[in-house]
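The structure appears right after this line, and notes come after that.
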Amino acid sequence: FGPLKYSILPDHLSEDELIGGNALIEAGTFLAILLGTIAGGLLITTEGGVKIISATVLGVAGLGFAASWFIPKAPPADASLRVSWNIPRETVAIIGHARHNRAVFLSIMGISWFWLVGAVFLSQFPAFAKDVLGGNEQVQTLFMVVFSVGIGIGSVLTGKIMHGEISAKYVPLAAIGITVFSVDLYFAAGHAVAAGNGTTLAGAAAFLSHPANWRILADLLLVAVSGGIYIVPLYAILQSVSDVAHRSRTI
């Protein structure tokens, strides 16, 4: 789904619209993840939660399938393409093709680094909230909210400041922002006030009642905003300079 949703954008958007289109895709993706995470946590605790969630998943999938029929048609760039089932050989071939274009390959490396950092943050929220800050799942959800909203803000902000220009000029600055605010998050955690009492995990209200803990939320927000500014131009570059017949596979 990922390669398709990104590679189809140049078929329906002009070049000066790619930044804005990618900004909406990134913001929508992370806000949807946020909404699903919160909804899943709330629904699973209700009576018959498993059945409710299962029905909701199928219902949302059905709505998505119905919505897909309203996407304008995009003819294949290479209708004769036959992809081998030999995954290692195909992977080597795709990487080899991408390496011929420096802008494409550097964008791939940059995007991969972003998802590595993002995956680390998202996967560590539960342990960070519980073991370091003494917070329960409410604090974990609060971190998810701040992080997802930050990505959305950064993505939309990129569309505003770039004015449709496809360029990586803000990517290094955004990478520095991710690094600086991640380092400050480490120091902020050292000065945080534990929300729990050692035996009982505290909720979001108790966590927010200590002003020192707001620095953690500020760092998470700024890391995410920097991430949004970082990732959107790289996808636009990948879409605009990739060989049309290889665009989906490159992504």
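The values are calculated or read from the model by the stated rules, or taken from the named source; none is laboratory data. Bear in mind that the values here come from a model prediction, so they are computed numbers and not experimental data. Cβ atoms come from the backbone with ideal geometry, glycine included; neighbour counts cover every protein chain shown. Surface accessibility is based on the protein's heavy atoms, side chains included, excluding ligands, DNA and RNA. Shrake-Rupley method; radii C 1.70, N 1.55, O 1.52, S 1.80 Å.
Ranking of W113, W69 by solvent-accessible surface, largest first: W69, W113 (1.4 Å probe, protein heavy atoms only, all chains present). Summarised in one figure, the compactness ratio Rg/Rh of the stretch 6-51, Cα atoms and Kirkwood Rh, is 1.30.
If you take the alpha carbon atoms of the stretch 139-251 and fit the smallest convex hull around them, that volume is 120 Å³ per residue. Springs join every pair of Cα atoms under 10 Å in this Gaussian network model of the chain, and among S68, S148, S167 the largest mean-square fluctuation is at S68. Scalar couplings 3J(HN,Hα) for the stretch 37-46, obtained by applying the Karplus form with A = 6.51, B = -1.76, C = 1.60 to θ = phi - 60°, are 5, 5, 4, x, x, 6, 6, 5, 8, 7 Hz; x denotes Gly and Pro. The order of the peptides 56-63, 224-231 by mean Cβ neighbours within 10 Å, most packed first, is 224-231, 56-63. Largest GNM mean-square fluctuation among P76, P233, P172, using the chain with Cα springs under 10 Å: P76. For the stretch 139-156, 3J(HN,Hα) computed residue by residue from phi via the Karplus equation (6.51, -1.76, 1.60; θ = phi - 60°) reads 5, 4, 5, 4, 4, 4, 4, 4, 5, 5, 5, x, 4, x, 4, x, 5, 5 Hz, glycine and proline entered as x.
Take the stretch 86-203, compute every pairwise Cα distance, and split them into 5 Å bins from 0; I just need the percent in each bin. Taking every Cα pair in the stretch 86-203, the percentages come to 2, 9, 13, 18, 15, 12, 11, 9, 6, 3, 2, 0. Calculated [222 nm] ellipticity per residue, helices only, for the chain: -23500 deg cm²/dmol; basis is -39500 (n - 2.57) per DSSP H run with n ≥ 4, divided by all residues, nearest 500.
Please compute one quarter of the surface area of the Cα convex hull for the chain and express it in square nanometres. Result: a mean projected hull area of 16.2 nm². Derived value for the stretch 28-79: Kirkwood hydrodynamic radius 13.2 Å. Basis is the mean of 1/r over every pair of different alpha-carbon atoms.
Exposed loop sites are taken as trypsin sites (Lys or Arg not before Pro) in a DSSP loop (any state but H, G, I, E or B) with at most 10 other beta carbon atoms within 10 Å; the longest stretch of the chain without one runs 83-168. In a fully extended conformation the segment linking A77 and S123 would gain 12.8 nm over its present Cα-Cα distance, using 0.36 nm per residue.
Find how many whole Å separate the alpha carbon centroid of the stretch 145-166 from the alpha carbon centroid of the stretch 197-251. Answer, in whole Å: 11.
Computed log10 I(q)/I(0) for the stretch 109-151 at 0.18, 0.24 Å⁻¹: -0.53, -0.80, from the Debye equation with unit scatterers placed on every C-alpha and solvent omitted.
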